[in-house]
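For reference, the structure is listed below as structure tokens.
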Amino acid sequence: MKVCIAEKPSVAREIAQIVGAKSRRNGYFEGNGYQVTWTFGHLCTLKEPHDYFEKWKWWNINTLPMIPQKFGIKLIDDEGTQKQFEIIKQLVDEADEVINCGDAGQEGEVIQRWVLHKAEYNKTLKRLWISSLTEEAIREGFENLKEGSNYDKLYAAGSARAIGDWLLGMNATRLYSLKYGNGKGVLSVGRVQTPTLALVVQRQHEIDNFVPQPYWELKTLYRDVTFTVKSGRFDDKETAEAQLELIKDFPFSITDITTKNGKELPPKLFDLTALQVECNRKFSYSADQTLKLIQALYEKKLTTYPRVDTTFLSNDIYKKVPQILKGLKPYQNLVEPLLKAKIKKTKKVFDDSKITDHHAIIPTGQFQLNLSPEEKRVYDLVTRRFIAVFYPDCKVANTSVEGEVNKIQFKATGKQILEPGWRVVFSSEKSLNDDDNVLPEFVKGESGPHLPDLAEKKTQPPKYYSEATLLRAMETAGKLVEDDELRDLMKENGIGRPSTRANILETLFRRKYIVREKKRIVATQTGIELINSIENDLLKSAELTGMWEKKMRDIELGKYDIAAFMEEMKQMVAEVVMQVKRSPKKQITIVEAPDKKKKAPSKKSSEPKELLCPKCGKGALVKGKSAWGCKQFKEGCKFVVPFVFMDKKLTQKQFDTLIERKKTNHLKGFKDRNGQALEGIIQFNEQFELEFVPKQS
């Protein structure tokens, strides 16, 4: 018997249909020589400190650093998780072969391997590696199953990441909380979240300490075109006014006209970070909201695997492009011109050397109408980018006009679109020139009156980070990089992975280290004081953290030894602990206990968790008089969970579980319309409405 293990029940259902396992069993599907089961994401986690030593259960600075001799995993303490694991273990114990059908990425590999390790499975392991969930992709994947051992290095890198995060997070969080928290709460420190917070705090320091400097700009208006003095701005008013006096009574003359034809390449395909940046810029979606939306589109088979860090396609996708384009029914007016000739192939789009686990995010060629407005917007962005890369380049004319007044040189530049090319995919040709500075016809030697102007201005401080610019900063380890190609080269040293950056930001928001002020991201007093208290640069430097990320990528590629990385991490943690223990004690203002789960046992809190609405992904959930609801209800989100459902009153803990896992554990106390007692679970349907699933339904 072949046992397939997927990451979600919905994916398992798709796989079961394709391999012919059509009989539903308790926790799996069966048929045609296959059993198809699933995890619920993570079933296992790294052991907690007290699982190694009893003394590590209590928060005591004298027990730090906590460095286990050997790391272990355990099942998550949850009744549903443990029940599903027992089903999986029973199936793999009797299996001839196991097929790992988890998400094809580092985290997906770790999730599945930990479960198989816990189940003590050591027989034949195959890997289903696919980039979309369409029937064609799944069938093709099963026809080309990989050896599980091909992904051992991917698993090693994922394990190194998880253990590194445990070592630093567990030790540094206890260390800083005990040293600087003064018993008033937890100060969470993490391998990626702390350097990310440091970027925000550093930018605020730059803004707060910025002293604006005045300067003067000399311009003149000739034939409705603004010309700027070529010598640049003036730092003192007297010099600027003297220049103004020299030109105000003389005519303006055109001295040179240069026109160069150029081309603009289509924008690159999306990786996850680029998509999150664009959605934040255009629609103000948070990184986490965008990730949820593109994940939903992936699970609906409309787009490919989203947690990717490349903007390129592999060469084997080229032959599939015409069929994908034909399937994009709502975009046929844009697709038809492409299908009249051979699709162009360029290294700017197809390059196997730029592919790691997966190619860029593209549509699959399937379409359905039952999408939310938010999903439609994200799908439209992805689809138009995909169509645009096969269009011709945009041809432009860049014009530079120079002039002078009384020997003082001026200059104006403009651009005119000659052939829109790919730009028609995003807007009408008429509107393309609206935002461009199209200059009138000038003749060299012409002369005439002009209107000079001297404007006093002030230098501007750096801008606050938005979610979009902070994501870019994480991608480039804090360096300001505008060029797409250079940014691609720097991704190996970025902090965090595309799949985790959204969660890192949400963690910082949840712990009140940063807050949103419209589009600006601002550090709180707690966040600022925490970063100021950290003297070790390795904990808060985005550049140094990026170097760690590079080493983990090298582990994945077999270029770096995992044992060497673990020794580095252990040594660094020991150094940080010794440094903080010796430092003078000071108090950090804690706005709110940031992480209830990691509090010392004696510091219990009855406050409810702060949870985000699962429907809109933006509003916090609040408790009303008769129901929990979303704070975004004025903006149109109608998500509501009543306190009482089918005669059963839900506890806060049961509600929290429902939101976090999209379903409750097994519960008793429900009643039907006739008053008959029932037991089962509550879960959300696709519209995020409550539905009751009775026991053994």
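The values are calculated or read from the model by the stated rules, or taken from the named source; none is laboratory data. All values reported here derive from a predicted model rather than from experimental measurement. FYI the Cβ positions are ideal-geometry reconstructions off the backbone, even for glycines, and counts take in every protein chain you see. Ligands, DNA and RNA are stripped out before the accessible areas are found, and what is left, the full protein with its side chains, is counted by its heavy atoms. Shrake-Rupley method; radii C 1.70, N 1.55, O 1.52, S 1.80 Å.
What the table below lists for this structure:
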read-out: Residue check, Thr255 outside any helix (DSSP H, G or I) and either out of contact with any strand residue (DSSP E or B) (no Cβ under 6 Å at 6 or more places or on another chain) or not hydrophobic (A, V, I, L, M, F, W, C) (or both); value: yes
read-out: Any chance Ala287 is more than 21 Å from Ala388 (Cα to Cα), surrounded by 14 or more Cβ atoms within 10 Å (Cβ to Cβ) and under 46 Å from the mean Cα position of the chain (by Cα); value: yes
read-out: Every residue from region 1-26 that is closer than 16 Å to Gln112 by Cβ and not in a strand (DSSP E or B); value: Glu7, Lys8, Pro9, Val11, Ala12, Ile15
read-out: Residue list for region 125-150, filter: open to solvent by less than 80 Å² (accessible area, probe 1.4 Å), more than 21 Å from Leu557 (Cα to Cα), touching a helix residue (DSSP H, G or I) at 6+ places or on another chain (Cβ under 8 Å) and not in a loop (DSSP other than H, G, I, E, B); value: Ile138, Phe142
read-out: Total residues in region 452-481, condition part of a helix (DSSP H, G or I) and open to solvent by less than 20 Å² (accessible area, probe 1.4 Å); value: 7
read-out: Residue check, Ile61 among the aliphatic types (A, V, I, L, M) and over 28 Å from Val580 (Cα atoms); value: no
read-out: Test: residue in region 357-370 that is β-branched (Val, Ile, Thr), modelled with pLDDT of 95 or more and touching a helix residue (DSSP H, G or I) at 6+ places or on another chain (Cβ under 6 Å); value: yes
read-out: Selected residue (only one of Val225, Val229, Val211 is over 17 Å from the mean Cα position of the chain (by Cα) and without any contact (Cβ under 8 Å) to a residue 12 or more places away in the chain); value: Val211
read-out: Extreme residue, least open to solvent (accessible area, probe 1.4 Å), among residues of region 629-661 that are under 26 Å from Phe283 (Cα atoms), assigned to a loop (DSSP other than H, G, I, E, B) and not aromatic (Phe, Trp, Tyr); value: Cys637
read-out: Of all residues making up region 191-218, the number that are crowded, with 17+ Cβ neighbours inside 10 Å and more than 30 Å from Glu568 (Cβ to Cβ); value: 4
read-out: Residue in region 272-279 that is closer than 17 Å to Phe386 by Cβ, touching a Phe, Trp or Tyr at 6+ places or on another chain (Cβ under 9 Å) and acidic (Asp, Glu) present; value: yes
read-out: Single unsatisfied condition, Phe688 versus (1) surrounded by 15 or more Cβ atoms within 10 Å (Cβ to Cβ); (2) of a type in the set (A, V, I, L, M, F, W, C); (3) part of a strand (DSSP E or B); value: (3)
read-out: Thr356, sole failed condition from (1) free of Cβ contacts under 8 Å to residues at least 24 places away in the same chain; (2) in a loop (DSSP other than H, G, I, E, B); (3) within 30 Å of the chain's Cα centre (by Cα); value: (1)
read-out: Enumeration of residues in region 549-584 that are open to solvent by 20 Å² or more (accessible area, probe 1.4 Å), touching a residue at least 40 places away in the same chain (Cβ under 8 Å) and not basic (Lys, Arg); value: Glu556, Leu557, Gly558, Ile562, Met566, Ala574, Gln579
read-out: Exclusive hit being modelled with pLDDT under 95 and closer than 25 Å to Lys479 by Cα, set Gly108, Gly164, Gly183; value: Gly164
read-out: Helices (runs of 4 or more DSSP H) contained in region 264-351 and holding at least 3 residues in contact with a Ser or Thr (Cβ under 7 Å, 6 or more places away or on another chain); value: 272-283, 287-299
read-out: Some residue of region 198-210 being among the charged types (D, E, K, R), in a helix (DSSP H, G or I) and within 30 Å of Ser314 (Cβ to Cβ); value: no
read-out: Per-region count, region 537-547, residues within 22 Å of the chain's Cα centre (by Cα) and either of a type in the set (D, E, K, R) or open to solvent by 20 Å² or more (accessible area, probe 1.4 Å) (or both); value: 5
read-out: Of all residues in region 27-62 being among the polar types (S, T, N, Q) and part of a strand (DSSP E or B), the one that is most open to solvent (accessible area, probe 1.4 Å); value: Thr45
read-out: Among (1) out of contact with any Asp or Glu (no Cβ under 8 Å at 6 or more places or on another chain); (2) of a type outside the set (A, V, I, L, M, F, W, C); (3) open to solvent by 20 Å² or more (accessible area, probe 1.4 Å); (4) at pLDDT 95 or above - the single one Gln409 does not satisfy; value: (1)
read-out: Hits in region 529-586 - residues which are over 21 Å from Gly105 (Cβ atoms) and in a loop (DSSP other than H, G, I, E, B); value: Ile534, Glu535, Asn536, Ser541, Asp561, Ser583, Pro584, Lys585, Lys586
read-out: Any hit, region 585-594, residues being under 27 Å from Gly190 (Cβ atoms), open to solvent by 80 Å² or more (accessible area, probe 1.4 Å) and modelled with pLDDT of 85 or more; value: no
read-out: Extreme residue, farthest from Gly80 (Cα to Cα), among residues of region 663-679 that are out of contact with any Leu (no Cβ under 7 Å at 6 or more places or on another chain) and open to solvent by less than 90 Å² (accessible area, probe 1.4 Å); value: Gly675
read-out: Residues that are in a helix (DSSP H, G or I), among the hydrophobic types (A, V, I, L, M, F, W, C) and within 31 Å of the chain's Cα centre (by Cα), drawn from region 63-87; value: Phe85
read-out: Test: residue in region 349-363 that is closer than 30 Å to Arg233 by Cβ and either open to solvent by 50 Å² or more (accessible area, probe 1.4 Å) or in contact with a Pro (Cβ under 6 Å, 6 or more places away or on another chain) (or both); value: no
read-out: So Ile76, is it open to solvent by 50 Å² or more (accessible area, probe 1.4 Å) and of a type in the set (Val, Ile, Thr); value: yes
read-out: Condition check for Ile18: open to solvent by less than 50 Å² (accessible area, probe 1.4 Å), under 30 Å from the mean Cα position of the chain (by Cα) and modelled with pLDDT of 95 or more; value: no
read-out: Residue check, Gly403 of a type in the set (Gly, Ala, Ser), over 30 Å from Glu635 (Cα atoms) and assigned to a loop (DSSP other than H, G, I, E, B); value: no
read-out: Gly496 being in a loop (DSSP other than H, G, I, E, B), at pLDDT 85 or above and crowded, with 17+ Cβ neighbours inside 10 Å; value: yes
